[in-house]
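Asks: Can you keep this structure in mind? I'll have questions shortly.
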Amino acid sequence: MTALDNLPAPTDRAYRRWHRVNASIMVGGTLVALVVLAALTSFVWTPHDAVHVDAAHRLAPAFSDGFLLGTDKFGRDVASQLMVGARTTLFVGIVAVGVAAVIGTPLGVLAGMAGGWLSEVVMRANDLLFAFPALLLAIMLGAVFGASTLTAMIAIGVATIPAFARVARGQTLGVMHTEYILAARAAGRSRLAIALRHVLPNIASILIVQASVSFAIAILAEAALSFLGFGTRPPTPSWGRMLQESQELLFSTPRLAFVPGIAIALAVLGFNLLGDGLRDWLDPKLREHR
Amino acid sequence: MGLYLLVRAAVLVVSTAVASVVVFAVMAVLPGDPAEVALGVNATAEAVAAKRTEFGTDRPLTTQFLDWVSGLPAGDFGVSYVTTDRIGPQIVDRLGVTLWLVLFGMLMAIVVAVPLGTAAAVRHRSVGGLLLSGLSQVGVAVPAFLAGILLVYLFAVTWQALPSGGYTPLAEDPATWLRQLLLPSLSLGLVQGAVLSRYVRSAVLDVMREDYIRTARAKGLGLYRALWKHGARNAAIPVVTVLGLQLATLLIGAVVVERVFTLPGLGSLLLDGVANRDLLLVQGTVMVLVVAVLGINFLVDVLYALLDPRLRGVR
């Protein structure tokens with residue numbers, strides 16, 4: 001009999017919560033790590049040149065001639081495109097979420113700390129921005145400045161600002177009632193110092209969760225935009241455009257649609273699970289029923 | 001309630017006005033001159049100037065804006081620079097297709113979400129419930145256009161049961177119309193249904209813990225019957241709100257799905273407008289979509305207040 005046998009059966013709620021949270025973070029984290037790994041590896045190595053057109057090997061099936069996932073209609077290696085496409089996906093996500101967080105968070109904290117008409121103006125502007133979904137914004141910007149990865153990133157980022165502002169404001173409102181803020185104010189700390197030293201660190205965890213969820217939405221938006229021709233321009237590989245190029249060949253070579261499709265879904269699933277898991281892990285009070 | 005409605009309505013009007021300025025301003029930044037685009041590179045300066053006068057683009061921006069915006073309430077979106085057709089009738093013409101798509105998409109979402117979410121809540125402790133929750137997680141991760149492509153592969157390519165695209169007006173041939181709308185609305189509805197089912201599950205779980213359900217069960221009602229008779233209305237409040245917010249997502253999702261299934265809706269009109277550099281058409285279509293989203297958000301706010309009076313004081 002070992003010491004382990006004397007432990008109570010792992011049926012209590014805390015244990016199960018820990019277990020489940022771990023599962024979400026583990027599965028989500030693994031999927032995200034795979035995407036990151038593929039993207040990073042693509043900088044130094046891909047099985048083939050991702051943009052090399054090879055007329056002799058057009059539409060080669062999977063596992064043939066060293067093409068792990070086959071080739072597309074131009075003879076480009078699908079596996080290599082997928083790896084470089086991961087780079088595009090992550091790049092767009094990082095910039096878009098970065099833009100949204102850097103603009104949205106201060107706005108939300110400001111609205112939460114200031115209150116009154118300033119809060120009202122910020123939140124109404126937020127509502128207005130809400131009426132311009134990323135897709136619409138990107139199509140508009142694309143019509144004006146031409147489609148590119150940059151316009152897609154800016155459009156997705158700007159459209160994501162309201163999400164960060166709302167969450168930051170809500171959390172700030174909660175924090176402002178706590179005793180440590182009262183103490184800091186009584187000690188004569190400036191508003192900026194309170195925002196930076198007391199509010200931000202205390203709302204950071206929920207902003208990280210928001211970043212993870214927003215990242216998933218950004219991946220979906222980038223894929224949709226590239227699919228419509230408003231995102232990444234050829235020849236730079238992008239999962240959304242791989243899907244769009246595969247559509248005409250759906251009857252003969254469905255593999256070309258499945259590969260980027262599964263990649264998009266798994267990446268989004270990864271970031272969503274990671275966000276959910278982190279939410280539970282960082283703040284059990286906010287846990288949704290799942 | 002009257003004051004709340006008034007304030008929300010005022011916010012809607014102001015937001016719409018500001019949105020029209022934003023849409024106009026973004027499109028006015030454009031580097032190209034519509035007159036030059038219309039006439040091509042070999043046009044003389046006189047011809048371009050004449051064309052500018054014809055389009056009215058030689059006037060100050062504020063005049064152009066007021067001229068454009070004053071026509072909007074009456075459905076006058078101006079005349080296309082490219083086709084010289086009136087834009088209003090084109091938008092009305094395409095709006096029907098998109099509205100049918102969104103309506104069916106929403107119905108599909110409800111049909112998917114309510115049983116899935118309820119079952120996942122009732123069995124939340126079992127493997128089956130966990131699997132259902134996992135299924136909805138996967139559904140959330142699939143973009144609508146990908147769902148569309150997969151559905152085309154299954155129903156049009158493999159089983160050849162439904163058409164892969166195209167549109168026949170309802171009045172012309174109702175059976176074909178329905179068959180052609182099924183896959184597009186299913187691809188919108190499945191994804192939104194997955195999102196919605198998570199809220200249904202959460203709402204049903206909350207309701208299941210209420211005393212009145214325990215009382216109903218103690219009276220001898222089965223779980224599903226107790227939920228239906230006493231829980232459904234209470235669980236509906238958060239679900240209806242989410243459903244309202246999803247309407248806006250469905251509308252924008254329709255833009256992409258229309259492209260997958262070559263449906264002649266607002267989305268196709270918008271994308272064709274961009275492709276042809278038909279800026280006034282793009283401007284008008286974007287404005288319609290933005291006003292629709294603003295209007296939906298307004299209705300959700302009002303509905304929210306009607307369903308739950310406690311929320312009227314908030315915000």
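Asks: Is there any pair with a first residue in region B:212-228 that is among the hydroxyl-bearing types (Ser, Thr, Tyr) and a second that is surrounded by 12 or more Cβ atoms within 10 Å (Cβ to Cβ) whose Cβ atoms are under 9 Å apart and which are 6 or more apart or on different chains, and what are they?
Replies: Qualifying pairs under 9 Å: B:Tyr212/B:Ala226; B:Tyr212/B:His230; B:Tyr212/B:Gly231; B:Tyr212/B:Asn234; B:Thr215/B:Ala226; B:Thr215/B:His230; B:Tyr224/B:Thr118; B:Tyr224/B:Val122.
Asks: Let me ask something else. Of the residues that make up region A:243-255, is at least one in contact with a Leu (Cβ under 6 Å, 6 or more places away or on another chain) and at the interface with chain B (Cβ under 10 Å from one of its Cβ atoms)?
Replies: yes
Per-residue answers, yes or no, for (1) in contact with a Leu (Cβ under 7 Å, 6 or more places away or on another chain); (2) farther than 22 Å from A:Met140 by Cα; (3) more than 12 Å from chain A (Cβ to nearest Cβ); (4) not aliphatic (A, V, I, L, M):
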residue	(1), (2), (3), (4)
B:Val14	no, no, no, no
B:Asn42	no, yes, yes, yes
B:Lys51	yes, yes, yes, yes
B:Phe55	no, no, yes, yes
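Asks: Picking from B:Val157, B:Val138, which residue would you name as being more than 21 Å from A:Ala224 (Cβ to Cβ) and within 8 Å of another protein chain (Cβ to nearest Cβ)? Can you show your working first?
Replies: Details: B:Val138 fails: more than 21 Å from A:Ala224 (Cβ to Cβ).
Exactly one of B:Val157, B:Val138 is more than 21 Å from A:Ala224 (Cβ to Cβ) and within 8 Å of another protein chain (Cβ to nearest Cβ), namely B:Val157.
Asks: Would you check if B:Val191 is part of a helix (DSSP H, G or I), under 30 Å from B:Ala254 (Cβ atoms), among the β-branched types (Val, Ile, Thr) and out of contact with any strand residue (DSSP E or B) (no Cβ under 8 Å at 6 or more places or on another chain)? Before you say what the answer is, go through the steps one by one.
Replies: Numbers: part of a helix (DSSP H, G or I): yes; under 30 Å from B:Ala254 (Cβ atoms): yes; among the β-branched types (Val, Ile, Thr): yes; out of contact with any strand residue (DSSP E or B) (no Cβ under 8 Å at 6 or more places or on another chain): yes.
When the stated conditions are applied, B:Val191 passes them.
Asks: Exactly one condition in (1) at pLDDT 85 or above; (2) under 30 Å from A:Asn272 (Cβ atoms) is not met by B:Thr215; state its number.
Replies: It is condition (2) that B:Thr215 fails.
Asks: Identify, please: which residue in region A:204-236 is of a type in the set (Ser, Thr, Tyr) and part of a loop (DSSP other than H, G, I, E, B) and is, among those, surrounded by the fewest Cβ atoms within 10 Å (Cβ to Cβ)?
Replies: Step by step, filter region A:204-236, then rank; the result is A:Thr236.
Asks: Which numbered condition in (1) of a type outside the set (S, T, N, Q); (2) over 30 Å from A:Leu250 (Cβ atoms); (3) within 14 Å of chain A (Cβ to nearest Cβ) is the only one that B:Ala74 fails?
Replies: If we test B:Ala74 against (1) of a type outside the set (S, T, N, Q); (2) over 30 Å from A:Leu250 (Cβ atoms); (3) within 14 Å of chain A (Cβ to nearest Cβ), just (3) comes out false.
Asks: I've got another one for you. Please specify each residue of region A:115-134 satisfying the condition of being small (Gly, Ala, Ser) and surrounded by 15 or more Cβ atoms within 10 Å (Cβ to Cβ).
Replies: Answer for region A:115-134, where residues must be small (Gly, Ala, Ser) and surrounded by 15 or more Cβ atoms within 10 Å (Cβ to Cβ): A:Ser119, A:Ala125, A:Ala131, A:Ala134.
Asks: Looking only at region A:176-202, count every residue that is free of Cβ contacts under 8 Å to residues at least 60 places away in the same chain and assigned to a helix (DSSP H, G or I) and tell me the total. Walk me through it before giving the result.
Replies: Pass one, region A:176-202, residues free of Cβ contacts under 8 Å to residues at least 60 places away in the same chain: A:177-190, A:192-193, A:196-198, A:201-202.
Those left that are additionally assigned to a helix (DSSP H, G or I): A:179-186, A:192-193, A:196-198, A:201-202.
The number of residues fulfilling the criteria is 15.
Asks: Sort out which residues of region B:68-84 are under 12 Å from B:Leu280 (Cα atoms) and exposed (fewer than 15 other Cβ atoms within 10 Å of the Cβ), and write them in order of number.
Replies: Within region B:68-84, B:Thr83, B:Thr84 meet the criteria.
Asks: Let me ask something else about it. Determine which single condition B:Asn234 fails, assuming it passes every other condition in (1) within 14 Å of another protein chain (Cβ to nearest Cβ); (2) over 24 Å from the mean Cα position of the chain (by Cα).
Replies: Here B:Asn234 meets the rest and fails (1).
Asks: Now, a different point. Is there a residue in region B:257-267 that is part of a helix (DSSP H, G or I), away from chain A (no Cβ under 11 Å) and surrounded by fewer than 20 Cβ atoms within 10 Å (Cβ to Cβ)?
Replies: No, region B:257-267 contains no residue that is part of a helix (DSSP H, G or I), away from chain A (no Cβ under 11 Å) and surrounded by fewer than 20 Cβ atoms within 10 Å (Cβ to Cβ).
Asks: Test A:Leu274 against the criterion of being modelled with pLDDT of 85 or more and facing chain B (nearest Cβ under 9 Å), and give yes or no.
Replies: Values: modelled with pLDDT of 85 or more: yes; facing chain B (nearest Cβ under 9 Å): no.
Taking the combined requirement at face value, the residue does not satisfy it.
Asks: In region A:24-60, what count of residues is obtained for those that are farther than 21 Å from A:Glu245 by Cα, exposed (fewer than 13 other Cβ atoms within 10 Å of the Cβ) and among the small types (Gly, Ala, Ser)?
Replies: Total satisfying the criteria: 1.
Asks: Just one of the numbered conditions (1) modelled with pLDDT of 85 or more; (2) more than 20 Å from the chain's Cα centre (by Cα) is not true of A:Arg58; which one?
Replies: (1)
Asks: Taking region B:292-309 on its own, how many of its residues are at the interface with chain A (Cβ under 9 Å from one of its Cβ atoms) and farther than 25 Å from B:Leu181 by Cα?
Replies: Residues flagged as at the interface with chain A (Cβ under 9 Å from one of its Cβ atoms) and farther than 25 Å from B:Leu181 by Cα within region B:292-309 amount to 2.
Asks: Here is a check on your reading of the model: is B:Phe24 outside any loop (DSSP other than H, G, I, E, B), within 14 Å of another protein chain (Cβ to nearest Cβ) and surrounded by 15 or more Cβ atoms within 10 Å (Cβ to Cβ)?
Replies: The answer is yes for B:Phe24.
Asks: Which count do you get for residues in region B:268-278 that are farther than 9 Å from B:Val97 by Cβ and more than 10 Å from every other protein chain (Cβ to nearest Cβ)? Step through it out loud before you land on a result.
Replies: First, the residues of region B:268-278 that are farther than 9 Å from B:Val97 by Cβ: B:269-278.
Subsequent filtering for residues that are more than 10 Å from every other protein chain (Cβ to nearest Cβ) retains B:269, B:272, B:276.
Total meeting the criteria: 3.
So that you can scan it fast, the table gives a plain yes or no per residue for (1) closer than 20 Å to B:Leu289 by Cβ; (2) under 22 Å from the mean Cα position of the chain (by Cα); (3) crowded, with 23+ Cβ neighbours inside 10 Å:
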site: B:Arg86; (1), (2), (3): yes, no, no
site: B:Gln90; (1), (2), (3): yes, yes, no
site: B:Gly105; (1), (2), (3): yes, yes, yes
site: B:Ala109; (1), (2), (3): yes, yes, yes
site: B:Ser133; (1), (2), (3): no, no, no
site: B:Leu146; (1), (2), (3): no, yes, yes
site: B:Trp159; (1), (2), (3): no, no, no
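Asks: Continuing with the same structure: Give, as residue ranges, the helices (runs of 4 or more DSSP H) completely inside region A:71-159 that count at least 3 residues that are away from chain B (no Cβ under 14 Å) and either without any contact (Cβ under 8 Å) to a residue 40 or more places away in the chain or closer than 23 Å to A:His52 by Cα (or both).
Replies: Values: elements: A:78-114, A:116-130, A:134-145.
Fully inside region A:71-159 and qualifying: A:78-114.
Asks: Based on what the data block shows, is B:Val288 over 30 Å from B:Val79 (Cβ atoms), within 13 Å of chain A (Cβ to nearest Cβ) and touching a residue at least 60 places away in the same chain (Cβ under 8 Å)? It would help to see each step written out before you state the result.
Replies: Values: over 30 Å from B:Val79 (Cβ atoms): no; within 13 Å of chain A (Cβ to nearest Cβ): yes; touching a residue at least 60 places away in the same chain (Cβ under 8 Å): yes.
Against the criterion (over 30 Å from B:Val79 (Cβ atoms), within 13 Å of chain A (Cβ to nearest Cβ) and touching a residue at least 60 places away in the same chain (Cβ under 8 Å)), B:Val288 does not qualify.
Asks: Another question, if that's okay. Looking only at region B:45-53, decide whether some residue is of a type in the set (Lys, Arg), over 30 Å from B:Arg179 (Cα atoms) and touching a residue at least 24 places away in the same chain (Cβ under 8 Å). If you could, list the steps in order and put the result at the bottom.
Replies: Here is the first cut: in region B:45-53, the residues of a type in the set (Lys, Arg) are B:51-52.
Going one step further and asking which of them are over 30 Å from B:Arg179 (Cα atoms), we end up with B:51-52.
Among the residues that remain, those that are also touching a residue at least 24 places away in the same chain (Cβ under 8 Å) are: none.
Checked region B:45-53: no residue is of a type in the set (Lys, Arg), over 30 Å from B:Arg179 (Cα atoms) and touching a residue at least 24 places away in the same chain (Cβ under 8 Å).
The values are calculated or read from the model by the stated rules, or taken from the named source; none is laboratory data. Quantities reported herein were computed from a predicted structural model and do not represent experimental measurements. In this analysis, Cβ positions are derived from the backbone assuming ideal geometry, glycine residues included, and neighbour counts consider all displayed protein chains.
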